[in-house]
1. What's the ranking of A:365-373, B:68-76, B:19-27 by average number of surrounding C-beta atoms within 10 Å, highest first?
2. At 7 Å along the Cα-to-beta-carbon direction for both A:Ala335 and A:Thr309, put a label point, then send me their distance in nm to one decimal.
3. For chain B, what does the helix formula give at 222 nm: sum of -39500 (n - 2.57) over DSSP H segments with n ≥ 4, over the residue count, nearest 500 deg cm²/dmol?
4. Output the 0 to 90 degree angle, nearest 10, between the alpha-carbon long axis of helix B:81-97 and the longest principal axis computed from the alpha carbons of chain B.
5. Roughly speaking, what is the stretch gain from A:Ala259 to A:Ala72, that is 0.36 nm per residue apart minus the C-alpha to C-alpha distance, in nm to one decimal?
6. I need the calculated FRET efficiency for the pair A:Glu401 and B:Thr31, taking r as the beta carbon distance and R₀ as 41 Å, to the nearest 0.05.
7. Once you have the Cα-Cα distance between A:Ala158 and A:Glu243, take 0.36 nm times their residue separation minus that, and quote the gain in nm to one decimal.
8. Between A:Thr146 and B:Glu48, what is the FRET efficiency for a Förster distance of 60 Å, r being their Cβ-Cβ separation, to the nearest 0.05?
Amino acid sequence: MSFDPARLRREIPLLADADRAGRPIRYLDNAATAQVPEVVIEAVAQHDRRLRSNVARGVYRLAEDATAAYEAAREEVAAYVGARPDEIVFASNCTAAINIAALAFGETLAAGDRVVVSELDHHSNIVPWQLLASRRGIALDWWPATPEGTLDPARLGALVGPRTRLIAASHGSNVTGARLDVRPVVEAAKRVGAKVLLDGAQVVPHGALDLSKLGIDFYAFSGHKMYGPTGIGVLWGRRALLEALPPAFGGGGMIGRVAKSGTNWAAPPARFEAGTPPVAQAVGLAAAVNWIRQLDRGAVEAHLQMLTTRLIDGLQALDAQRRVVRLVGPPAGHARLPVVSFDIKGAHPHDICQMLAETNVCLRGGHHCAQPLMDALGLAGTTRASLAPYNDENDVDALLEGIDRAIARLT
Amino acid sequence: MSDAIYHDAIVALARDASAAGALDAPQATATVDNPLCGDRVAVDLAFEGERISALRHRVRGCLLCQASAAALAIAAVGATREDLRAGTASLAALLKDGAPLPDGRFAPFAAFAPLARHRSRHDCAKLPLLAAEKALGTT
């Protein structure tokens, strides 16, 4: 059976309602937040209707059931990324997950230690390490982005040394769509005994992973980019590593025993989940995972590759006519996500996005929380389209037509 | 179409780029950034007595920001600090509540009235005025 994005649109209330009203939403900002299917909305609502109570504390039936649902969600998410459930730490978002890693792992670092960060990364995988640098006296080494908006592992040789303790990088760029070649990164890190943390927020929506085989140590991602609720993210860490780290935050739920004389910690993952966790959101994330899993992954990948190629080809055709379009990122066919950024000479990304918004085309313009990358590319910002399985050719064509109109008006 | 925002007067102001550049010997200068989009505006000021005698701006920003800087260049020359602050407040009220702009030197900012319903773009119009206010604060 051929892949049918229209069926997926019908499963997503926001898109289905707009389609029925005859004013379809051309939602091309999935790298920021993806749309949410009815099954996810319903899972969250049903949890709050039937099971709402705190977890891991109460002994009444509701609390037992809520705890079971929360831990079942952990198991679903763990299975999706090839991890053990006790390696899955729920956080409020991907940024919080990375901050937890930085705070906890940072406690093991000493002045003079070094962390490699990349120009390609989202601020959420840069700023926590900058904060750590100022707190702990560690140094940051910047892994430069290539002019194509990728990371070249060959550059790591000059950056990784005996004091390197961690390499923090994006598994897939939220700006250029470039996918990281993980193996040489892991090899470079392991040569000096360093850890590897990847920001997987852009990769996880595109299918299940096997983190146990990637060779990395930490992985972070968010729920709302993978058709799940807002308010939930995930930090994965290797079990032995999590067990060796102190907590990032203190409070209820993360302790073994609290006494006036001192406190010891719960085992992971509870050690890193201080306070009431995002219970309903975890249940919703599990529903999102199941929604992704029931898709035909091969068909989805082929569909997204077709749309990405159509978009890149269309932009290149516009450039052939008008000579103002610059693609920022790997060309079609390379290791890339369906995230396409471009610059229109003489037109600001926000002006372009504003004009396209008038025809219900939802794009993102600006620095995409990646200002070091923009500095490296010599740009203030880009216009970005990011695709999901429920997008179709009409979405891409509406974008290209809108860009053509915007160029005529703005340049 | 988005001509509700990008109407001819806005486009003309931006294209005009009135007073773009730098003063040779500014008596006050300031740069402000919009953290949401990374846009940046720098403003140089010179004074004769209590009044602004010259203004130049450097905008790395959107068309709305460019248009606002050009409108500011028209409005600022001859204005006092109080005039400028009143103008900034008037623009804020126009964007927030649709309040009419007073006649006079800030009348060109009326072109931004359609921006009122686009809250995420308000700072685009305000950025040059915030830079000018910041520059005034350095004197």
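1. Listed from highest to lowest mean packing, they are B:68-76, A:365-373, B:19-27.
2. Reported label-point gap for A:Ala335 and A:Thr309 is 2.0 nm.
3. -13000 deg cm²/dmol
4. The angle comes out at about 10 degrees.
5. 64.2 nm
6. Details: r = 37 Å, r/R0 = 0.91.
Taking R0 as 41 Å, the efficiency between A:Glu401 and B:Thr31 is 0.65.
7. 27.4 nm
8. In this case the efficiency is close to 0.70.
Only the coordinates and a few stated rules stand behind these numbers; no lab work does. Keep in mind it's a predicted model, so treat the numbers as computed, not measured. Backbone-built Cβ (ideal geometry, glycine too); neighbour counts: all protein chains shown.
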